[in-house]
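Q: Sharing a structure here in C-alpha coordinates format.
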Amino acid sequence: MIINVLALRRSSAVSGVVKVVAVASALTLLAGGLVACTIGSAETGDPDKQESSEAQQPTPEVDISVADGTTDHNPTEPVKVTASHTTLEDVEMVNEEGNVVESVLNDDATEWQTDEVLGYNRTYTLTVTDAEGEEEEITFETISPEATTSVALGPLADSVVGVGQAITFVFGTAPSDREAVEEAITVETSNDTNGAFYWVSDRDLRWRPEEFWEPGTEVSVEADIYGLDMGDGLYGETDNATNFTIGDKVHAVVDDNTKTMNVYRNDELLRSIPVSMGRDGTRWATPNGTYVVGDERESMVMDSATFGLAKEDGGYETEVDYATQLSYSGIYVHAAPWSQYAQGSSNTSHGCINVSTEDARWFQETVKRGDPVVVKNTTADTLPAWDGLGHWNMDWETWEAGNA
(Lines give C-alpha, C1' and ligand atoms only; values in the text may rest on other atoms or scores of the structure.)
Protein backbone atom coordinates (compact mmCIF):
# COMPACT_ATOMS: atom_id res chain seq x y z
CA MET A 1 0.00 0.00 0.00
CA ILE A 2 2.88 2.44 0.68
CA ILE A 3 4.37 1.76 -2.77
CA ASN A 4 1.15 2.79 -4.46
CA VAL A 5 1.10 6.09 -2.63
CA LEU A 6 4.67 6.91 -3.59
CA ALA A 7 3.94 6.05 -7.21
CA LEU A 8 1.16 8.52 -7.25
CA ARG A 9 3.47 11.24 -5.94
CA ARG A 10 5.99 10.62 -8.84
CA SER A 11 3.41 10.68 -11.67
CA SER A 12 2.89 13.59 -14.01
CA ALA A 13 0.78 16.41 -12.84
CA VAL A 14 -2.88 15.72 -12.67
CA SER A 15 -5.76 17.53 -11.13
CA GLY A 16 -5.70 18.07 -7.42
CA VAL A 17 -8.99 16.27 -7.28
CA VAL A 18 -7.47 13.11 -8.55
CA LYS A 19 -4.65 13.35 -5.99
CA VAL A 20 -7.05 13.82 -3.16
CA VAL A 21 -9.11 10.89 -4.23
CA ALA A 22 -6.08 8.69 -4.65
CA VAL A 23 -4.68 9.61 -1.29
CA ALA A 24 -8.06 9.16 0.31
CA SER A 25 -8.38 5.74 -1.26
CA ALA A 26 -4.95 4.80 -0.07
CA LEU A 27 -5.71 5.97 3.43
CA THR A 28 -8.91 4.00 3.35
CA LEU A 29 -7.05 0.90 2.34
CA LEU A 30 -4.41 1.61 4.97
CA ALA A 31 -7.08 2.01 7.60
CA GLY A 32 -8.66 -1.19 6.46
CA GLY A 33 -5.34 -2.92 6.80
CA LEU A 34 -4.91 -1.56 10.34
CA VAL A 35 -8.41 -2.60 11.31
CA ALA A 36 -7.76 -6.05 9.98
CA CYS A 37 -4.78 -6.35 12.33
CA THR A 38 -6.84 -5.35 15.42
CA ILE A 39 -7.60 -8.52 17.45
CA GLY A 40 -11.30 -9.22 17.89
CA SER A 41 -12.48 -6.07 16.21
CA ALA A 42 -14.06 -7.96 13.39
CA GLU A 43 -16.52 -9.66 15.83
CA THR A 44 -17.61 -6.46 17.51
CA GLY A 45 -19.93 -5.53 14.79
CA ASP A 46 -21.41 -9.02 14.36
CA PRO A 47 -25.18 -8.52 14.92
CA ASP A 48 -25.82 -12.21 15.59
CA LYS A 49 -23.26 -12.28 18.37
CA GLN A 50 -24.65 -9.06 19.85
CA GLU A 51 -28.09 -10.66 20.03
CA SER A 52 -26.56 -13.74 21.68
CA SER A 53 -24.88 -11.54 24.30
CA GLU A 54 -28.14 -9.76 25.04
CA ALA A 55 -29.91 -13.09 25.39
CA GLN A 56 -27.46 -14.11 28.12
CA GLN A 57 -28.40 -11.18 30.38
CA PRO A 58 -30.10 -12.54 33.64
CA THR A 59 -33.81 -11.95 33.99
CA PRO A 60 -34.98 -10.00 37.05
CA GLU A 61 -37.02 -12.21 39.38
CA VAL A 62 -39.06 -11.63 42.55
CA ASP A 63 -39.95 -14.60 44.75
CA ILE A 64 -42.74 -14.49 47.37
CA SER A 65 -42.82 -17.15 50.10
CA VAL A 66 -46.62 -17.40 50.15
CA ALA A 67 -48.65 -18.43 47.11
CA ASP A 68 -51.51 -16.27 45.96
CA GLY A 69 -54.82 -17.63 47.25
CA THR A 70 -53.38 -19.58 50.19
CA THR A 71 -56.09 -20.13 52.83
CA ASP A 72 -54.17 -21.75 55.70
CA HIS A 73 -50.95 -19.83 56.20
CA ASN A 74 -49.53 -20.33 59.70
CA PRO A 75 -49.37 -16.88 61.32
CA THR A 76 -46.08 -17.69 63.06
CA GLU A 77 -44.27 -18.01 59.71
CA PRO A 78 -42.89 -14.69 58.39
CA VAL A 79 -43.80 -13.68 54.85
CA LYS A 80 -40.66 -13.14 52.75
CA VAL A 81 -39.95 -11.44 49.43
CA THR A 82 -36.59 -12.01 47.68
CA ALA A 83 -35.32 -10.18 44.58
CA SER A 84 -32.79 -11.66 42.10
CA HIS A 85 -31.02 -9.49 39.46
CA THR A 86 -33.09 -6.52 40.57
CA THR A 87 -34.00 -4.63 43.73
CA LEU A 88 -37.23 -4.03 45.61
CA GLU A 89 -38.58 -0.55 45.03
CA ASP A 90 -41.66 -0.82 47.25
CA VAL A 91 -43.24 -3.62 49.34
CA GLU A 92 -46.33 -3.27 51.51
CA MET A 93 -48.61 -5.77 53.24
CA VAL A 94 -51.95 -4.87 54.79
CA ASN A 95 -54.68 -6.82 56.55
CA GLU A 96 -58.35 -6.76 55.61
CA GLU A 97 -58.81 -3.60 57.67
CA GLY A 98 -56.06 -1.76 55.80
CA ASN A 99 -53.58 -1.82 58.67
CA VAL A 100 -50.00 -2.01 57.44
CA VAL A 101 -47.97 -4.96 58.74
CA GLU A 102 -44.59 -4.08 60.23
CA SER A 103 -41.66 -5.22 58.09
CA VAL A 104 -37.91 -4.98 57.50
CA LEU A 105 -35.88 -4.54 54.28
CA ASN A 106 -32.18 -5.38 54.07
CA ASP A 107 -29.58 -2.77 53.11
CA ASP A 108 -29.29 -3.72 49.44
CA ALA A 109 -33.09 -3.87 49.00
CA THR A 110 -33.14 -7.51 47.91
CA GLU A 111 -34.83 -9.13 50.91
CA TRP A 112 -38.03 -8.08 52.69
CA GLN A 113 -39.98 -9.84 55.42
CA THR A 114 -42.73 -9.23 57.96
CA ASP A 115 -41.55 -8.16 61.41
CA GLU A 116 -44.61 -8.91 63.51
CA VAL A 117 -46.59 -12.04 64.29
CA LEU A 118 -49.65 -12.35 62.08
CA GLY A 119 -53.12 -13.09 63.39
CA TYR A 120 -55.52 -15.98 63.09
CA ASN A 121 -58.57 -15.56 60.82
CA ARG A 122 -56.93 -12.79 58.79
CA THR A 123 -56.78 -11.86 55.12
CA TYR A 124 -53.59 -10.13 53.94
CA THR A 125 -52.72 -8.38 50.67
CA LEU A 126 -49.09 -8.03 49.64
CA THR A 127 -48.02 -5.63 46.88
CA VAL A 128 -44.47 -5.75 45.47
CA THR A 129 -42.84 -3.34 42.98
CA ASP A 130 -39.30 -3.93 41.71
CA ALA A 131 -36.73 -1.49 40.29
CA GLU A 132 -37.99 -2.10 36.74
CA GLY A 133 -41.46 -0.99 37.76
CA GLU A 134 -42.93 -4.49 37.56
CA GLU A 135 -45.72 -4.95 40.13
CA GLU A 136 -47.11 -8.13 41.67
CA GLU A 137 -49.98 -8.47 44.14
CA ILE A 138 -51.12 -11.51 46.10
CA THR A 139 -53.85 -12.13 48.68
CA PHE A 140 -53.84 -14.93 51.22
CA GLU A 141 -55.55 -16.02 54.44
CA THR A 142 -54.19 -17.35 57.74
CA ILE A 143 -55.41 -20.37 59.68
CA SER A 144 -58.93 -20.18 61.10
CA PRO A 145 -58.91 -22.42 64.21
CA GLU A 146 -62.08 -24.07 65.42
CA ALA A 147 -60.92 -23.22 68.94
CA THR A 148 -57.86 -21.87 70.77
CA THR A 149 -56.44 -22.55 74.22
CA SER A 150 -54.01 -20.85 76.56
CA VAL A 151 -51.56 -22.52 78.93
CA ALA A 152 -50.74 -21.47 82.50
CA LEU A 153 -47.19 -22.16 83.64
CA GLY A 154 -45.77 -22.77 87.09
CA PRO A 155 -43.78 -21.87 89.07
CA LEU A 156 -44.20 -18.12 88.69
CA ALA A 157 -41.47 -16.18 86.91
CA ASP A 158 -38.42 -15.25 89.01
CA SER A 159 -39.54 -17.38 91.95
CA VAL A 160 -37.35 -19.48 94.24
CA VAL A 161 -38.74 -22.98 94.84
CA GLY A 162 -37.89 -26.24 96.53
CA VAL A 163 -35.97 -29.25 95.26
CA GLY A 164 -39.19 -31.21 94.70
CA GLN A 165 -40.92 -28.69 92.45
CA ALA A 166 -42.34 -29.86 89.12
CA ILE A 167 -42.94 -27.58 86.13
CA THR A 168 -46.67 -27.35 85.51
CA PHE A 169 -48.54 -26.69 82.26
CA VAL A 170 -52.30 -26.34 82.66
CA PHE A 171 -54.31 -25.96 79.43
CA GLY A 172 -57.73 -24.34 79.20
CA THR A 173 -58.84 -27.06 76.77
CA ALA A 174 -57.41 -30.57 76.58
CA PRO A 175 -55.11 -31.03 73.54
CA SER A 176 -55.49 -34.30 71.62
CA ASP A 177 -52.04 -34.13 70.00
CA ARG A 178 -49.96 -34.41 73.15
CA GLU A 179 -46.73 -35.14 71.29
CA ALA A 180 -47.00 -31.87 69.35
CA VAL A 181 -47.52 -29.99 72.61
CA GLU A 182 -44.49 -31.56 74.28
CA GLU A 183 -42.31 -30.82 71.24
CA ALA A 184 -43.32 -27.14 71.41
CA ILE A 185 -42.02 -26.80 74.98
CA THR A 186 -38.40 -26.06 75.85
CA VAL A 187 -36.93 -26.62 79.33
CA GLU A 188 -33.39 -25.35 79.85
CA THR A 189 -31.40 -25.81 83.06
CA SER A 190 -28.07 -24.40 84.17
CA ASN A 191 -26.66 -27.87 84.87
CA ASP A 192 -28.31 -30.09 82.21
CA THR A 193 -30.78 -31.65 84.63
CA ASN A 194 -32.36 -34.79 83.23
CA GLY A 195 -36.16 -34.74 83.25
CA ALA A 196 -39.29 -35.79 81.39
CA PHE A 197 -42.97 -34.99 80.71
CA TYR A 198 -46.03 -36.78 82.04
CA TRP A 199 -49.74 -35.92 81.71
CA VAL A 200 -51.38 -36.21 85.13
CA SER A 201 -54.75 -35.32 83.55
CA ASP A 202 -56.05 -34.48 80.10
CA ARG A 203 -55.31 -30.77 80.70
CA ASP A 204 -52.42 -30.96 83.16
CA LEU A 205 -48.89 -31.69 81.92
CA ARG A 206 -45.89 -31.95 84.25
CA TRP A 207 -42.10 -31.95 83.77
CA ARG A 208 -39.98 -33.18 86.65
CA PRO A 209 -36.35 -34.21 87.09
CA GLU A 210 -35.29 -37.81 87.52
CA GLU A 211 -34.17 -36.91 91.04
CA PHE A 212 -34.67 -33.89 93.27
CA TRP A 213 -33.21 -30.69 91.83
CA GLU A 214 -29.77 -29.53 92.87
CA PRO A 215 -29.99 -26.32 94.95
CA GLY A 216 -28.96 -23.30 92.91
CA THR A 217 -30.18 -24.71 89.59
CA GLU A 218 -31.56 -22.04 87.28
CA VAL A 219 -34.43 -23.05 85.00
CA SER A 220 -36.09 -21.35 82.03
CA VAL A 221 -39.22 -22.62 80.29
CA GLU A 222 -40.81 -21.64 76.99
CA ALA A 223 -44.15 -22.93 75.70
CA ASP A 224 -44.29 -21.84 72.04
CA ILE A 225 -47.87 -22.85 71.36
CA TYR A 226 -49.15 -19.94 69.25
CA GLY A 227 -49.82 -21.31 65.78
CA LEU A 228 -49.48 -24.88 67.06
CA ASP A 229 -51.99 -27.44 65.79
CA MET A 230 -52.94 -29.39 68.93
CA GLY A 231 -55.36 -31.65 67.10
CA ASP A 232 -59.05 -31.58 66.25
CA GLY A 233 -58.97 -27.93 65.16
CA LEU A 234 -57.50 -26.70 68.47
CA TYR A 235 -54.62 -24.20 68.26
CA GLY A 236 -52.49 -22.41 70.82
CA GLU A 237 -53.81 -18.98 71.77
CA THR A 238 -50.54 -17.39 72.84
CA ASP A 239 -47.00 -18.34 73.85
CA ASN A 240 -46.00 -18.39 77.51
CA ALA A 241 -42.74 -18.58 79.46
CA THR A 242 -41.40 -18.67 82.99
CA ASN A 243 -38.15 -19.00 84.90
CA PHE A 244 -37.19 -19.94 88.43
CA THR A 245 -34.32 -20.90 90.72
CA ILE A 246 -34.00 -23.86 93.07
CA GLY A 247 -33.39 -22.71 96.64
CA ASP A 248 -31.95 -24.46 99.67
CA LYS A 249 -32.86 -28.07 100.25
CA VAL A 250 -35.64 -27.95 102.85
CA HIS A 251 -37.65 -31.09 103.49
CA ALA A 252 -39.79 -32.73 106.16
CA VAL A 253 -40.39 -36.33 107.20
CA VAL A 254 -43.66 -37.23 108.96
CA ASP A 255 -43.49 -40.61 110.68
CA ASP A 256 -46.71 -42.15 111.96
CA ASN A 257 -44.74 -44.49 114.20
CA THR A 258 -43.46 -41.58 116.27
CA LYS A 259 -46.26 -39.10 115.48
CA THR A 260 -43.65 -36.45 114.72
CA MET A 261 -42.65 -34.28 111.78
CA ASN A 262 -38.92 -33.56 111.50
CA VAL A 263 -38.00 -30.54 109.39
CA TYR A 264 -34.53 -30.24 107.83
CA ARG A 265 -32.57 -27.60 105.94
CA ASN A 266 -29.62 -28.88 103.93
CA ASP A 267 -29.99 -32.16 105.89
CA GLU A 268 -29.65 -30.42 109.28
CA LEU A 269 -32.56 -30.96 111.68
CA LEU A 270 -34.32 -27.68 112.45
CA ARG A 271 -37.29 -28.81 114.52
CA SER A 272 -39.19 -31.93 115.58
CA ILE A 273 -42.94 -31.25 115.70
CA PRO A 274 -45.66 -33.43 117.34
CA VAL A 275 -48.47 -34.24 114.89
CA SER A 276 -51.87 -35.85 114.68
CA MET A 277 -52.82 -37.23 111.25
CA GLY A 278 -55.79 -38.97 109.63
CA ARG A 279 -57.58 -41.57 111.68
CA ASP A 280 -55.96 -44.99 111.43
CA GLY A 281 -57.70 -47.71 109.47
CA THR A 282 -60.36 -45.41 107.99
CA ARG A 283 -60.86 -43.62 104.68
CA TRP A 284 -59.36 -40.60 106.45
CA ALA A 285 -55.95 -42.12 107.12
CA THR A 286 -53.24 -39.86 105.67
CA PRO A 287 -51.70 -41.43 102.51
CA ASN A 288 -48.03 -42.34 102.53
CA GLY A 289 -45.60 -41.02 99.95
CA THR A 290 -43.78 -37.89 98.90
CA TYR A 291 -45.75 -34.65 98.78
CA VAL A 292 -44.52 -31.17 97.87
CA VAL A 293 -45.53 -27.86 99.40
CA GLY A 294 -48.09 -25.94 97.34
CA ASP A 295 -50.13 -22.90 98.35
CA GLU A 296 -49.63 -21.26 101.74
CA ARG A 297 -52.47 -19.42 103.41
CA GLU A 298 -52.37 -17.58 106.70
CA SER A 299 -56.06 -18.34 107.16
CA MET A 300 -58.66 -20.37 105.25
CA VAL A 301 -61.99 -22.13 105.70
CA MET A 302 -61.90 -25.92 105.40
CA ASP A 303 -65.16 -27.45 104.21
CA SER A 304 -65.49 -31.24 104.26
CA ALA A 305 -68.28 -31.03 101.69
CA THR A 306 -65.62 -30.31 99.04
CA PHE A 307 -64.56 -33.96 99.23
CA GLY A 308 -67.98 -35.48 99.84
CA LEU A 309 -68.50 -35.39 103.60
CA ALA A 310 -71.64 -33.50 104.59
CA LYS A 311 -71.94 -31.88 108.00
CA GLU A 312 -74.79 -34.18 109.02
CA ASP A 313 -72.49 -37.14 108.36
CA GLY A 314 -69.79 -35.87 110.67
CA GLY A 315 -68.37 -33.22 108.38
CA TYR A 316 -67.19 -29.74 109.22
CA GLU A 317 -66.72 -26.19 108.04
CA THR A 318 -63.86 -24.76 110.08
CA GLU A 319 -61.59 -21.76 109.77
CA VAL A 320 -57.96 -22.72 110.32
CA ASP A 321 -54.74 -20.75 110.60
CA TYR A 322 -51.42 -21.23 108.81
CA ALA A 323 -52.62 -23.78 106.27
CA THR A 324 -49.84 -25.15 104.04
CA GLN A 325 -51.06 -27.25 101.11
CA LEU A 326 -49.60 -30.71 100.45
CA SER A 327 -52.07 -32.18 97.93
CA TYR A 328 -54.88 -31.23 95.57
CA SER A 329 -57.15 -33.63 97.45
CA GLY A 330 -57.13 -31.34 100.49
CA ILE A 331 -54.29 -32.45 102.74
CA TYR A 332 -52.66 -29.56 104.61
CA VAL A 333 -50.35 -28.96 107.50
CA HIS A 334 -52.34 -26.51 109.65
CA ALA A 335 -52.93 -25.23 113.14
CA ALA A 336 -55.37 -27.40 115.08
CA PRO A 337 -55.47 -26.22 118.72
CA TRP A 338 -58.52 -28.46 119.30
CA SER A 339 -56.40 -31.59 118.75
CA GLN A 340 -53.30 -30.52 120.62
CA TYR A 341 -54.03 -33.16 123.26
CA ALA A 342 -53.56 -35.86 120.58
CA GLN A 343 -50.58 -34.38 118.78
CA GLY A 344 -47.63 -36.70 119.23
CA SER A 345 -49.77 -39.58 120.51
CA SER A 346 -52.79 -40.42 118.27
CA ASN A 347 -54.41 -39.66 114.94
CA THR A 348 -57.71 -37.77 115.01
CA SER A 349 -57.98 -35.76 111.75
CA HIS A 350 -59.71 -36.30 108.43
CA GLY A 351 -56.34 -36.59 106.69
CA CYS A 352 -54.59 -33.31 107.40
CA ILE A 353 -51.48 -33.03 109.52
CA ASN A 354 -52.55 -31.26 112.70
CA VAL A 355 -49.97 -29.27 114.65
CA SER A 356 -50.03 -26.50 117.24
CA THR A 357 -50.62 -22.92 116.15
CA GLU A 358 -47.01 -21.97 116.88
CA ASP A 359 -45.62 -24.96 114.97
CA ALA A 360 -47.98 -24.29 112.04
CA ARG A 361 -46.80 -20.70 111.85
CA TRP A 362 -43.13 -21.71 112.08
CA PHE A 363 -43.56 -24.44 109.45
CA GLN A 364 -45.21 -22.06 106.98
CA GLU A 365 -42.49 -19.46 107.48
CA THR A 366 -39.75 -22.07 107.04
CA VAL A 367 -40.84 -24.02 103.97
CA LYS A 368 -41.48 -22.79 100.44
CA ARG A 369 -43.34 -24.01 97.37
CA GLY A 370 -41.79 -27.21 96.06
CA ASP A 371 -40.21 -28.40 99.30
CA PRO A 372 -40.78 -32.17 99.72
CA VAL A 373 -42.70 -33.65 102.65
CA VAL A 374 -42.43 -37.43 103.10
CA VAL A 375 -45.20 -39.24 104.98
CA LYS A 376 -44.50 -42.82 106.08
CA ASN A 377 -45.83 -45.72 108.16
CA THR A 378 -49.53 -44.78 108.07
CA THR A 379 -52.32 -47.33 107.52
CA ALA A 380 -53.25 -45.77 104.17
CA ASP A 381 -52.03 -46.42 100.64
CA THR A 382 -49.69 -44.09 98.72
CA LEU A 383 -50.77 -40.69 97.47
CA PRO A 384 -51.41 -41.05 93.70
CA ALA A 385 -48.99 -39.36 91.32
CA TRP A 386 -51.91 -37.65 89.59
CA ASP A 387 -53.00 -35.93 92.80
CA GLY A 388 -51.45 -32.61 91.82
CA LEU A 389 -48.54 -32.56 94.25
CA GLY A 390 -47.81 -36.29 94.30
CA HIS A 391 -45.64 -36.47 91.18
CA TRP A 392 -42.73 -38.10 93.03
CA ASN A 393 -44.86 -41.16 93.77
CA MET A 394 -44.43 -42.56 90.27
CA ASP A 395 -41.29 -44.53 89.50
CA TRP A 396 -38.88 -42.86 87.06
CA GLU A 397 -39.11 -45.59 84.42
CA THR A 398 -42.86 -45.09 84.07
CA TRP A 399 -42.62 -41.31 84.22
CA GLU A 400 -39.86 -41.13 81.62
CA ALA A 401 -41.77 -43.39 79.23
CA GLY A 402 -44.53 -40.79 79.27
CA ASN A 403 -48.13 -41.06 78.15
CA ALA A 404 -48.36 -38.72 75.16
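The values are calculated or read from the model by the stated rules, or taken from the named source; none is laboratory data. Bear in mind the structure is a predicted one, so any value in this text is a computation, not a measurement. Glycine also receives a Cβ, built like all others from the backbone with ideal geometry; neighbour counts cover every protein chain displayed.
Q: Taking the condition at pLDDT below 95 and surrounded by 10 or more Cβ atoms within 10 Å (Cβ to Cβ), does residue 19 pass?
A: Judged against the criteria, residue 19 is a match.
Q: What do you reckon, is residue 360 surrounded by fewer than 22 Cβ atoms within 10 Å (Cβ to Cβ), out of contact with any helix residue (DSSP H, G or I) (no Cβ under 8 Å at 6 or more places or on another chain) and more than 21 Å from residue 169 (Cα to Cα)? Steps first, answer last, please.
A: Working: surrounded by fewer than 22 Cβ atoms within 10 Å (Cβ to Cβ): no; out of contact with any helix residue (DSSP H, G or I) (no Cβ under 8 Å at 6 or more places or on another chain): yes; more than 21 Å from residue 169 (Cα to Cα): yes.
Taking the combined requirement at face value, the residue does not satisfy it.
Q: Would you check if there is a residue in the range 333-340 being within 30 Å of residue 396 (Cβ to Cβ) and at pLDDT 95 or above?
A: The answer is yes, given that some residue of the range 333-340 is within 30 Å of residue 396 (Cβ to Cβ) and at pLDDT 95 or above.
Q: A further question follows. If I filter the range 65-102 down to residues being of a type in the set (A, V, I, L, M) and surrounded by fewer than 12 Cβ atoms within 10 Å (Cβ to Cβ), which single residue comes out as farthest from residue 141 (Cα to Cα)?
A: That would be 100.
Q: Okay, next question. If you check 320, 301, 292, which single one turns out to be among the aliphatic types (A, V, I, L, M) and touching a Pro at 6+ places or on another chain (Cβ under 6 Å)?
A: Unique residue meeting the criteria: 292.
Results for (1) of a type in the set (A, V, I, L, M); (2) over 14 Å from residue 348 (Cα atoms); (3) not assigned by TED's automatic domain parsing to the domain that holds residue 366, shown as yes or no for each residue.
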position: 271; (1), (2), (3): no, yes, no
position: 276; (1), (2), (3): no, no, no
position: 283; (1), (2), (3): no, no, no
position: 288; (1), (2), (3): no, yes, no
position: 292; (1), (2), (3): yes, yes, no
position: 304; (1), (2), (3): no, yes, no
position: 319; (1), (2), (3): no, yes, no
position: 323; (1), (2), (3): yes, yes, no
position: 328; (1), (2), (3): no, yes, no
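Q: Within the range 334-357, can you find the residues that are surrounded by fewer than 18 Cβ atoms within 10 Å (Cβ to Cβ) and β-branched (Val, Ile, Thr)?
A: 357 - this is the single residue of the range 334-357 that is surrounded by fewer than 18 Cβ atoms within 10 Å (Cβ to Cβ) and β-branched (Val, Ile, Thr).
Q: Taking strands (runs of 3 or more DSSP E) that fall entirely within the range 221-323, which contain at least 1 residues that are surrounded by fewer than 14 Cβ atoms within 10 Å (Cβ to Cβ), of a type in the set (A, V, I, L, M) and under 25 Å from the mean Cα position of the chain (by Cα)?
A: Details: elements: 234-236, 240-246, 250-255, 260-265, 268-274, 289-292, 296-303.
Output list reads 240-246.
Q: Do we find that residue 389 is modelled with pLDDT under 95, surrounded by 16 or more Cβ atoms within 10 Å (Cβ to Cβ), aliphatic (A, V, I, L, M) and part of a loop (DSSP other than H, G, I, E, B) in this structure? Even if it seems obvious, please write down each step before you answer.
A: Details: modelled with pLDDT under 95: no; surrounded by 16 or more Cβ atoms within 10 Å (Cβ to Cβ): yes; aliphatic (A, V, I, L, M): yes; part of a loop (DSSP other than H, G, I, E, B): yes.
Spelling it out, it is not the case that residue 389 is modelled with pLDDT under 95, surrounded by 16 or more Cβ atoms within 10 Å (Cβ to Cβ), aliphatic (A, V, I, L, M) and part of a loop (DSSP other than H, G, I, E, B).
Q: Restricting attention to the range 91-112, which residues are more than 19 Å from residue 71 (Cα to Cα) and within 28 Å of the chain's Cα centre (by Cα)?
A: Once the filter is applied, which keeps residues that are more than 19 Å from residue 71 (Cα to Cα) and within 28 Å of the chain's Cα centre (by Cα), the range 91-112 yields 99, 100, 102, 103, 104, 105, 106, 111, 112.
Q: In the range 360-380, what residues are under 18 Å from residue 349 (Cβ atoms) and assigned to a loop (DSSP other than H, G, I, E, B)?
A: Across the range 360-380, the qualifying residues are 377, 378, 379, 380.
Q: In the range 211-220, which residues are exposed (fewer than 14 other Cβ atoms within 10 Å of the Cβ) and either part of a loop (DSSP other than H, G, I, E, B) or among the hydrophobic types (A, V, I, L, M, F, W, C) (or both)?
A: Step one: of the range 211-220, the residues exposed (fewer than 14 other Cβ atoms within 10 Å of the Cβ) are 211, 216, 218.
Listed by number, the residues that qualify are 211, 216.
Q: Can you spot a residue in the range 241-252 that is in contact (Cβ under 8 Å) with a residue 60 or more places away in the chain, among the acidic types (Asp, Glu) and out of contact with any His (no Cβ under 6 Å at 6 or more places or on another chain)?
A: no
Q: Consider residue 327 against the criteria (1) surrounded by 14 or more Cβ atoms within 10 Å (Cβ to Cβ); (2) more than 40 Å from the chain's Cα centre (by Cα); (3) among the hydroxyl-bearing types (Ser, Thr, Tyr): it satisfies all of them except one. Which criterion is unmet?
A: Only one criterion is unmet by residue 327, namely (2).
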